[in-house]
Amino acid sequence: MADTHHLVKTILIPQVAELLMKHKGLSEDEALRTIYESPIAPLLEDDSMGLYGQSALYVYGLITDEKTV
């Protein structure tokens, strides 16, 4: 089951980065840095939180609410 969560996260993170690039005008590097430096990043790694099962738009909202991007 954890392998499935890992695969979902490898798809989810680029989707969130794409949203940051599109809506906030960030480069790919800036978008990925924004994700990994956000308070949400550790929660994405914690399978018990279940964020891996949320949509990219939901995670994008959490990141942009936490940090003014």
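Coordinate-derived values only; no laboratory data. The structure displayed is predicted, hence computed values, not measured ones.
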Relative to the longest principal Cα axis of the chain, at what angle does helix 28-37 sit, 0 to 90 degrees, rounded to 10?
60
Any chance you could give the angle, 0 to 90 degrees and rounded to 10, that helix 2-24 forms with the longest Cα principal axis of the chain?
10
